[in-house]
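The values are calculated or read from the model by the stated rules, or taken from the named source; none is laboratory data. Computed from a prediction, not measured in an experiment: that's the story for all the values here. Please note: Cβ atoms are built from the backbone with ideal geometry, for glycine as well, and neighbour counts cover all protein chains shown. What goes into the accessible areas is simple: the full protein's heavy atoms, side chains included, and nothing from ligands, DNA or RNA. Shrake-Rupley method; radii C 1.70, N 1.55, O 1.52, S 1.80 Å.
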Amino acid sequence: PQPLDDTPAVDVLIPTKGEPLSVLKRTISAAMALDGEKTVWVLDDSSRAELRDLTGKLGARYLARGDNTDAKAGNLNFGLKHAANPYVAVLDADFVAAPDMLTQMLGYFRDENCALVQAPQVFGNEASFQHLPGLALPRGWNEQSLWFDVIERGRAELNATAYCGCPALLRRSALDRIGGFATGSVTEDAHTGLRLHKAGFRCEYHPRAVAEGLAPETATAFMRQRMRWASGQYSVLWRERFWSAKLTLGQRLSYFASLQYFAGAARDAIFIAAPSLALVTGILPFYADPSIFLPLFFAQLFLSWAVMVAFSRGVWQVLPALHFDAAVIGPHLISLIRAPFSGKLAFFVTPKDGRDREDWRLLTMPALVVVANVAAVAYGLNAAKTQAFPPMQGWPLVIVAAWSSFTALSHFSVIAKVLLLRIRKSP
């Protein structure tokens with residue numbers, strides 16, 4: 001960011017719907033303490049008298065609309081009707097801003113074509129499901145570290161920075177030009193960012209932390225959030241035509257990569273089902289000489305891991321990747337099946353401050369994978385003894401049984417993490 005001749009005024013929008021007052025008090029207090037000229041607006045979609053009183057005591061302005069049309073995007077647009085400053089900052093209800101957040105980010109707007117500045121999301125509750133303590137990972141590492149520490153930086157070089165909602169700063173005139181925050185999807189942030197790119201604006205990425213939020217505490221909150229993200233991406237990228245000529249090639253490739261990530265659940269499902277089906281039916285997924293196959297397979301496997309570690313500067317690690325891949329495949333598959341209806345899904349707020357209880361139905365997928373693979377290994381080994389499946393002998397049996405066991409172990413890690421979190425939180 002380049003230094004500005006003066007510090008412009010900013011409207012700070014804090015949309016909320018039912019978050020605990022203890023969480024909101026920290027967020028509003030920090031927003032009021034931001035350096036520079038600003039007006040802090042608390043946009044309450046739950047219309048709570050106690051929040052109105054708290055907002056007044058802290059010196060911020062309170063707004064509550066009469067309905068919840070268009071969910072968070074509608075709430076933000078309602079705030080825009082009352083705000084008048086040339087720049088808009090968005091802070092989710094649980095994000096506590098650093099005092100210099102605005103002064104760090106405003107300098108990017110020296111470029112008059114810059115419409116958005118996105119900063120990374122970092123989280124203070126490191127006992128959440130999204131974190132993995134005990135694996136010698138850097139302090140603060142979480143499931144989103146690869147995205148914010150590596151991928152967003154790369155996308156910024158292509159002017160393809162994704163708008164992730166918070167913490168972010170936007171130029172008001174650019175928002176007005178695209179009709180405000182985008183409505184009609186459950187991911188208004190990504191939708192708005194894509195429209196800004198299609199309008200020809202530049203979106204920047206500020207790689208330093210300027211606010212700290214709360215990650216999903218439970219597996220249920222984590223999976224529901226990922227389901228909403230996936231559903232929103234299908235709806236937004238298809239409706240807005242990410243292949244549009246209004247986007248550069250780099251932008252189109254970046255948005256396609258996001259779509260491919262979520263749709264990759266279909267590919268992963270095949271790899272999960274293949275070994276157990278082979279053990280039960282005796283039909284191998286492919287036939288190859290082990291002396292040729294195994295060296296090539298392990299060379300490809302370990303080299304691909306090494307490339308990921310190197311290109312991510314060590315942010316990507318094998319075990320965390322396997323664990324979280326197992327955690328998100330269920331939500332991603334459900335979203336893929338629902339994709340034709342993704343624009344009609346209801347928006348739900350990710351619970352904050354540990355209020356969410358586990359919905360064990362969301363653990364059905366990892367539980368079924370574990371049970372199916374353990375049963376398949378037992379069945380396959382017994383079939384080998386009776387020579388029921390002639391092809392499933394020797395090396396083929398060892399390879400497929402190991403593959404199946406590895407799949408079961410990675411999905412069991414999700415269940416184990418949920419149980420561990422419950423034990424830690426129990427009195």
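Quick notes on this one:
- Residue in the range 177-187 that is within 30 Å of P99 (Cβ to Cβ) and open to solvent by 10 Å² or more (accessible area, probe 1.4 Å) present: no
- Residue check for I14: assigned to a strand (DSSP E or B) and in contact with a strand residue (DSSP E or B) (Cβ under 8 Å, 6 or more places away or on another chain): yes
- Residue within the range 289-304 that is of a type outside the set (G, A, S) and outside any helix (DSSP H, G or I) present: yes
- Among the conditions (1) within 15 Å of G79 (Cβ to Cβ); (2) in contact with a helix residue (DSSP H, G or I) (Cβ under 8 Å, 6 or more places away or on another chain); (3) open to solvent by less than 20 Å² (accessible area, probe 1.4 Å); (4) modelled with pLDDT of 95 or more, the only one that D45 does not satisfy is (4).
- Top-ranked residue of the range 273-313 - restricted to ones that are surrounded by fewer than 14 Cβ atoms within 10 Å (Cβ to Cβ) and among the small types (G, A, S), ranked as nearest to M365 (Cα to Cα): S304
Listed here are the residues, each with its yes/no results for (1) aliphatic (A, V, I, L, M); (2) farther than 21 Å from L253 by Cα; (3) open to solvent by 10 Å² or more (accessible area, probe 1.4 Å); (4) touching a strand residue (DSSP E or B) at 6+ places or on another chain (Cβ under 8 Å).
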position: T161; (1), (2), (3), (4): no, no, no, yes
position: H197; (1), (2), (3), (4): no, no, no, yes
position: P207; (1), (2), (3), (4): no, yes, yes, no
position: A219; (1), (2), (3), (4): yes, yes, no, no
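- In the range 327-366, residue modelled with the lowest pLDDT [restricted to those that are closer than 26 Å to S185 by Cα and among the small types (G, A, S)]: G343
- Residue in the range 116-131 that is farthest from Y87 (Cα to Cα), counting only those that are within 16 Å of the chain's Cα centre (by Cα) and either at pLDDT below 90 or not in a loop (DSSP other than H, G, I, E, B) (or both): H131
- Scanning the range 85-103 for residues that are in a loop (DSSP other than H, G, I, E, B) and farther than 20 Å from N75 by Cα yields A98, P99, D100.
- Subset of the range 231-268 (residues that are aromatic (F, W, Y) and assigned to a helix (DSSP H, G or I)): Y234, W238, Y255, F256, Y261, F262
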